[in-house]
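Visitor: Structure incoming, see below.
The values are calculated or read from the model by the stated rules, or taken from the named source; none is laboratory data. Everything quoted here is computed from the prediction, not taken from an experiment. Don't worry about glycine lacking a Cβ; one is built from the backbone with ideal geometry, like all the others, and counts go over all protein chains shown. Surface areas here come from the heavy atoms of the whole protein model, side chains and all, with no ligands, DNA or RNA. Shrake-Rupley method; radii C 1.70, N 1.55, O 1.52, S 1.80 Å.
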Amino acid sequence: MQRGTFQLMKSLNRNIILNKIRLEGPISRAQIAKDTKLTPPTVSTIVKELIDSGMIKESEQGESKGGRKPTMLIINADSFYVIGLDVGPKDIKTILTDLNGKVLKFQERVLFSPMTNHKLLDIMKAEIQQIMDPYSEEEDKIIGIGVGMHGVVDVEQGLSLYAPNLNLRNIPIKEELETRFNRTVKVENDAKALALGEVWFGNGNGAESVVAVNIGNGIGAGIVVDGKLFHGENFIAGEIGHMTIDMGGKQCTCGNYGCLQTLAAGPAIAEKAQKEVAIGRDSVLREMADHDLEKIDGKMVYEGALQGDDLCVQVLKSTGIYLGIGLTNLIHLMNPKLIIIGGGVSNAGDFLMDSLKETVQKKALTEAAKHTDIRVSKLGNKATAIGAVSLLLVELFQ
Ligand SMILES: [Zn+2]
C-alpha cells in the first residue's frame, strides 16, 4: 500500500469519526464502530487522538443494553474558536465561531471604491482585530483565520491573484495576516469556501460531488469532487460567472461581453428593474425607491416580489432562466449529485428557483440530469464566512 493512500485512509477515518460525533453526538465508541464499519480498535485509537487534541470530550453515560453503560462522546465545541471572513466586492462579513461552526460574533462592513491592496488589507486587519477584542482573555483559543475572497485565489500562497470587481491584483492576504496575527491563515476563493462549508456544515453533508454556486454581486462556483475541492491547474476552475451566455451582451467587469453574471447577478437584477421602471412600467419599486431609480437594488426587487408586484416577479423569473442556462452548462460539464445555491441572490428563493429548475428540466440531456438536486443554502448570508471557517477545520481535522 502506498504511503499516500494510507495517510489518506487514516485521515478519512478520522474525518468520518469526527463528523459522526459532530452530527450524531452524544454517541458511544461502539455505536461509531457499528455505523462506520471501522474496527473497534481503530475507533478507540482515533478517539483517543481526538480527545488528546481537545477536539472531542467524553460526556454523560449512555443507556446500557445490559452490562456497563457506555461513555458518550461529543465535540468539545468551545475549546477552540475560528475566525472567518467573507470578502465580497461590496462588503466584508466577519464571524467568530466555535468548532461546531456556531456563530458567536458577526460583523459586517461596507467597502467603498476606489480600493487599493493596501487599503483592503488594512480594513481586513481592523475587522479581525475588532472581532478578537472581546476574546482577549482567551485569545489562545483562536486557532486561525479563514478568508473567502472573491475572484481568483492562489491557495498555496494565500494570494488574491485577481479580484475583478474591485479591479485589484496580487494581494498578499495570507502573508500580511499571518505576520500581523501570528496564526494560521487559509485563503480560498469565496465560492469554493462556500462549497466546503456546505459539505462540512450544511446541505452538502455526506455528498461526494457537490457544486456550490455563489450568486451575489458576481457569480462563482466551488466544485467538490470525491469530498475534495477542485481548483484546476491555475485556480480558475468554477469561474462560471464569466461563462459567455450572450456574445452580443453587455460588457462584464472582466472585459468580456455577455458573461452569465452580467445577466443574473445582483447588479443585473437591479439594472433590469431600473430600466423597466425608467420606461414607465408600473411597479411598487417607484414608491419603494422614493422615485430615485438608482436606489433600486436586488433586495428591493425581492421585497417587491413578495408584495406580488408583477415587474419584480418577472425580473426574478427571467434571472432564474439565465441561471438555469448557466447551471445546465455546469451539469453537462460536471454532472454533480447536488448543486447548492448561496449568496445574496439566493434570498430570492422560489421566485428564482422555480424558473431556474424549470429551465434545467427543459434543457438538460437526460432524465437524471433534468432532476439534479438543486437547493438553496441553509447557512444564509453567513454561508461563505462559515465556509472560510471550514478551511481551518479541514486542516485541523484531516
Ligand atoms: Zn466576465
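Visitor: Run Gly238 past the list (1) at positive phi; (2) outside any loop (DSSP other than H, G, I, E, B); (3) within 16 Å of the ligand (Cβ to nearest atom) and report the number of the one that doesn't hold.
Guide: Going through (1) at positive phi; (2) outside any loop (DSSP other than H, G, I, E, B); (3) within 16 Å of the ligand (Cβ to nearest atom) one by one, Gly238 breaks only (2).
Visitor: Could you tell me which of the residues Ile325, Ile339, Ile331 is under 30 Å from Val185 (Cα atoms) and touching a residue at least 40 places away in the same chain (Cβ under 8 Å)? Show your work before the answer.
Guide: Numbers: Ile325 fails: under 30 Å from Val185 (Cα atoms); Ile331 fails: under 30 Å from Val185 (Cα atoms).
Only one candidate passes the filter, namely Ile339.
Visitor: Could you tell me whether any residue of the range 203-213 is assigned to a loop (DSSP other than H, G, I, E, B), within 16 Å of the ligand (Cβ to nearest atom) and under 22 Å from the mean Cα position of the chain (by Cα)?
Guide: From the range 203-213, those assigned to a loop (DSSP other than H, G, I, E, B) are 203-209; that's our starting set.
With the extra rule that they be within 16 Å of the ligand (Cβ to nearest atom), the set shrinks to none.
No: zero hits.
Visitor: Sort through Leu85, Leu12 and tell me the only one that's at pLDDT 90 or above and either closer than 25 Å to Ala383 by Cα or in the same structural domain as Val110 (by TED's automatic domain parsing) (or both). If you could, list the steps in order and put the result at the bottom.
Guide: Details: Leu12 fails: at pLDDT 90 or above.
None of the others qualify; the one that does is Leu85.
Visitor: For Val199, state whether it is more than 16 Å from the ligand (Cβ to nearest atom) and over 20 Å from Lys317 (Cβ atoms). Show your work before the answer.
Guide: On the way: more than 16 Å from the ligand (Cβ to nearest atom): yes; over 20 Å from Lys317 (Cβ atoms): yes.
Judged against the criteria, Val199 is a match.
Visitor: Given the conditions (1) assigned to a strand (DSSP E or B); (2) without any contact (Cβ under 8 Å) to a residue 60 or more places away in the chain, report the number of the one that Gly248 does not fulfil.
Guide: Gly248 satisfies all of (1) assigned to a strand (DSSP E or B); (2) without any contact (Cβ under 8 Å) to a residue 60 or more places away in the chain except (1).
Visitor: Considering only residues that are open to solvent by 20 Å² or more (accessible area, probe 1.4 Å) and within 13 Å of Gly151 (Cα to Cα), look in the range 241-253 and name the one that is farthest from the ligand (Cβ to nearest atom).
Guide: Here the residue is Thr253.
Visitor: How many of the residues in the range 224-240 are touching a Ser or Thr at 6+ places or on another chain (Cβ under 9 Å) and either open to solvent by less than 10 Å² (accessible area, probe 1.4 Å) or of a type in the set (Asp, Glu) (or both)? Lay out the reasoning, then the answer.
Guide: Residues of the range 224-240 touching a Ser or Thr at 6+ places or on another chain (Cβ under 9 Å): 224-227.
If we keep only those that are either open to solvent by less than 10 Å² (accessible area, probe 1.4 Å) or of a type in the set (Asp, Glu) (or both) too, we end up with 224, 226.
Qualifying residue count, the range 224-240: 2.
Visitor: Determine whether Lys186 is closer than 24 Å to Lys382 by Cβ, open to solvent by 50 Å² or more (accessible area, probe 1.4 Å) and assigned by TED's automatic domain parsing to the domain that holds Met115. Break it down stepwise before answering.
Guide: Values: closer than 24 Å to Lys382 by Cβ: yes; open to solvent by 50 Å² or more (accessible area, probe 1.4 Å): yes; assigned by TED's automatic domain parsing to the domain that holds Met115: yes.
For Lys186, the condition - closer than 24 Å to Lys382 by Cβ, open to solvent by 50 Å² or more (accessible area, probe 1.4 Å) and assigned by TED's automatic domain parsing to the domain that holds Met115 - is met.
Matching residues to (1) within 12 Å of the ligand (Cβ to nearest atom); (2) outside any helix (DSSP H, G or I); (3) in the same structural domain as Asn347 (by TED's automatic domain parsing); (4) open to solvent by 20 Å² or more (accessible area, probe 1.4 Å):
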position: Gly255; (1), (2), (3), (4): yes, yes, yes, yes
position: Leu263; (1), (2), (3), (4): yes, no, yes, yes
position: Pro267; (1), (2), (3), (4): no, no, yes, yes
position: Lys275; (1), (2), (3), (4): no, no, yes, yes
position: Gly280; (1), (2), (3), (4): no, yes, yes, yes
position: Ser283; (1), (2), (3), (4): no, yes, yes, no
position: Glu287; (1), (2), (3), (4): no, no, yes, yes
position: His291; (1), (2), (3), (4): no, yes, yes, yes
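Visitor: What number of residues within the range 57-72 are modelled with pLDDT of 85 or more and either under 19 Å from Ile142 (Cβ atoms) or open to solvent by 50 Å² or more (accessible area, probe 1.4 Å) (or both)?
Guide: Matching residues across the range 57-72 total 2.
Visitor: Quick one: count up the residues across the range 293-307 that are more than 17 Å from Gly343 (Cα to Cα), in contact with a helix residue (DSSP H, G or I) (Cβ under 8 Å, 6 or more places away or on another chain) and outside any helix (DSSP H, G or I).
Guide: Final tally of qualifying residues: 1.
Condition check ((1) away from the ligand (no atom under 16 Å from the Cβ); (2) assigned to a helix (DSSP H, G or I); (3) open to solvent by 10 Å² or more (accessible area, probe 1.4 Å)) across all residues:
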site	(1), (2), (3)
Ile74	yes, no, yes
Val82	yes, no, no
Leu96	yes, no, no
Ile123	yes, yes, yes
Asp140	yes, yes, yes
Gly148	yes, no, no
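Visitor: For Leu196, are the conditions met, namely being buried (at least 24 other Cβ atoms within 10 Å of the Cβ), farther than 22 Å from Leu356 by Cα and either among the basic types (Lys, Arg) or in contact (Cβ under 8 Å) with a residue 24 or more places away in the chain (or both)? First the steps, then the outcome.
Guide: Working: buried (at least 24 other Cβ atoms within 10 Å of the Cβ): yes; farther than 22 Å from Leu356 by Cα: yes; either among the basic types (Lys, Arg) or in contact (Cβ under 8 Å) with a residue 24 or more places away in the chain (or both): yes.
Considered against the rule, which asks whether it is buried (at least 24 other Cβ atoms within 10 Å of the Cβ), farther than 22 Å from Leu356 by Cα and either among the basic types (Lys, Arg) or in contact (Cβ under 8 Å) with a residue 24 or more places away in the chain (or both), Leu196 comes out as yes.
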